Amino acid sequence: MGTILFHLLHVMYIIQDRIVGGYAPAPNSIKYIVSLQTTKGQHFCGGSLVHKYWVLTAAHCNIGTDEMMIVAGDYSLSMFEGTEQYSKPHRLIPHPLYNKTTNNADIMLIKMRVPMVMGSYVSLAPLPRQGTGVMAGRVCRVSGWGYTSLGEGQIPSTLRTVKLPIVSSARCNSSESFNGNITSNMICAGYNAGGKDACKGDSGGPLVCEGRVYGVVSWGNGCGDAKFPGVYTAVSKFRRWVDRTIYSSYTRCLKY
Ligand SMILES: *[C@@H]1O[C@H](CO)[C@@H](O)[C@H](O)[C@H]1NC(C)=O
Ligand SMILES: *[C@@H]1O[C@H](CO)[C@@H](O)[C@H](O)[C@H]1NC(C)=O
Ligand SMILES: *[C@@H]1O[C@H](CO)[C@@H](O)[C@H](O)[C@H]1NC(C)=O
């Protein structure tokens with residue numbers, strides 16, 4: 001299997017790359033993105049706010065409830081901007097089919113202890129309907145706070161974003177690329193020439209197509225490699241699970 005973008009045992013490495021070939025979006029223009037941080041304030045994954053109490057991220061970002069802090073309304077991680085909102089997780093719900101060997105079903109919901117307040121800096125991410133696809137060639141946008149690779153001098157820790165076209169599963173799964181490791185729960189995005197990609201530390205963050213979060217940054221093989229596009233969890237395959245999980249937490253009070 002290709003290298004996973006975030007590995008618990010390599011917390012110090014994940015922080016070394018960032019969105020490859022991207023640019024800084026206008027501050028607070030992507031209002032549903034959240035930074036998942038350790039309780040010491042170290043960013044390690046991204047996520048999307050899908051409900052005032054819930055964040056959607058990757059299952060491989062599961063470091064345990066006690067270790068995690070969720071930050072919404074952020075732009076620069078190194079500065080306090082006054083727009084940030086913080087919450088601790090109440091419960092982490094990785095998808096029951098998540099397989100860390102194959103990266104299949106790499107998706108997780110986080111229920112927060114305190115709800116985020118919607119406003120000028122924080123909003124909810126629209127999700128695709130169950131089973132809806134996104135065509136190869138369609139240009140989407142992935143965002144995250146992965147850090148600079150060399151870490152020399154000042155780390156400009158503002159949010160980055162990059163536009164990428166969807167790559168067909170057939171091509172992504174071919175012997176020229178991931179060679180049979182792409183499941184129907186994954187989508188791929190990247191340019192033929194490489195050079196633009198999500199990277200370590202961007203895991204769990206949103207791949208947005210037509211205004212909806214179609215993908216969650218999951219895994220890859222290097223970053224920006226022409227042969228290997230980025231691989232994302234296909235959110236439309238899990239829309240029903242997301243809705244059911246959130247809904248059942250309110251109807252069956254004892255469950256979560
Ligand atoms: C994960 O997938 C591998 C390869 O298909 C399989 O052998 C393994 O049993 C799976 N693990 C779990 C926990 O389902
Ligand atoms: C596909 O998965 C197999 C088994 O996990 C691994 O040995 C191989 O390197 C992977 N290939 C690619 C291109 O990811
Ligand atoms: C990728 O190839 C493997 C091996 O041929 C296959 O089992 C799997 O279903 C393929 N994935 C997709 C999305 O077609």
* Evaluate the following for Glu152: is it more than 16 Å from ligand 3 (Cβ to nearest atom), of a type in the set (Asp, Glu) and modelled with pLDDT of 90 or more? => no
* **strands (runs of 3 or more DSSP E) (entirely within the stretch 61-120) containing at least 3 residues that are of a type in the set (A, V, I, L, M, F, W, C)** => 68-72, 108-112
* Structure fact -> All conditions in (1) at pLDDT 95 or above; (2) within 16 Å of ligand 2 (Cβ to nearest atom); (3) out of contact with any Ser or Thr (no Cβ under 8 Å at 6 or more places or on another chain); (4) not charged (D, E, K, R) are true of Met186 except (3)
* Would you please list the contacts, defined by Cβ atoms under 9 Å and residues six or more apart or on different chains, that run from a residue in the stretch 211-234 that is touching a residue at least 60 places away in the same chain (Cβ under 8 Å) and within 14 Å of ligand 2 (Cβ to nearest atom) to a residue that is part of a loop (DSSP other than H, G, I, E, B) and among the acidic types (Asp, Glu)? => Ser218/Asp106; Trp219/Asp106; Gly230/Asp202; Val231/Asp106
* Structure fact -> Residue pairs within 9 Å by beta carbon, gap of at least six or interchain, first lying in the stretch 177-190 and in contact (Cβ under 8 Å) with a residue 24 or more places away in the chain and of a type in the set (S, T, N, Q), second within 9 Å of ligand 3 (Cβ to nearest atom) and assigned to a loop (DSSP other than H, G, I, E, B), listed first then second, are Asn181/Asn173; Thr183/Asn173
* Structure fact -> Within the stretch 168-199, residues of a type in the set (A, V, I, L, M) and more than 12 Å from ligand 3 (Cβ to nearest atom) come out as Ala189, Ala193, Ala198
* Asked: Residues in the stretch 163-213 that are acidic (Asp, Glu) and within 14 Å of Gly224 (Cα to Cα): how many?
  -> 2
* **Thr102 being modelled with pLDDT of 95 or more, under 18 Å from the mean Cα position of the chain (by Cα) and within 16 Å of ligand 3 (Cβ to nearest atom)** => yes
* Quick check, is Ser120 touching a residue at least 24 places away in the same chain (Cβ under 8 Å), surrounded by fewer than 16 Cβ atoms within 10 Å (Cβ to Cβ), of a type in the set (Ser, Thr, Tyr) and more than 16 Å from ligand 2 (Cβ to nearest atom)? -> yes
* Do we have Val20 as buried (at least 20 other Cβ atoms within 10 Å of the Cβ), at pLDDT 90 or above and among the β-branched types (Val, Ile, Thr) here? -> no
* Structure fact -> Filter the stretch 200-210 for residues that are more than 18 Å from Asn185 (Cβ to Cβ) and out of contact with any helix residue (DSSP H, G or I) (no Cβ under 8 Å at 6 or more places or on another chain); the one that is nearest to ligand 2 (Cβ to nearest atom) is Asp202
* Asked: Quick one: would you say Gly137 is modelled with pLDDT of 95 or more, in a loop (DSSP other than H, G, I, E, B) and either within 16 Å of ligand 2 (Cβ to nearest atom) or over 23 Å from Ile93 (Cα atoms) (or both)?
  -> yes
* Members of the stretch 23-72 found to be of a type in the set (Gly, Ala, Ser), surrounded by fewer than 24 Cβ atoms within 10 Å (Cβ to Cβ) and farther than 21 Å from Ala189 by Cβ, listed by number -> Ala26, Gly41, Gly64
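The values are calculated or read from the model by the stated rules, or taken from the named source; none is laboratory data. These numbers were taken from a predicted model, which means no experiment stands behind them. Cβ coordinates were reconstructed from backbone atoms using ideal geometry, including for glycine residues, and neighbour counts include every protein chain displayed.
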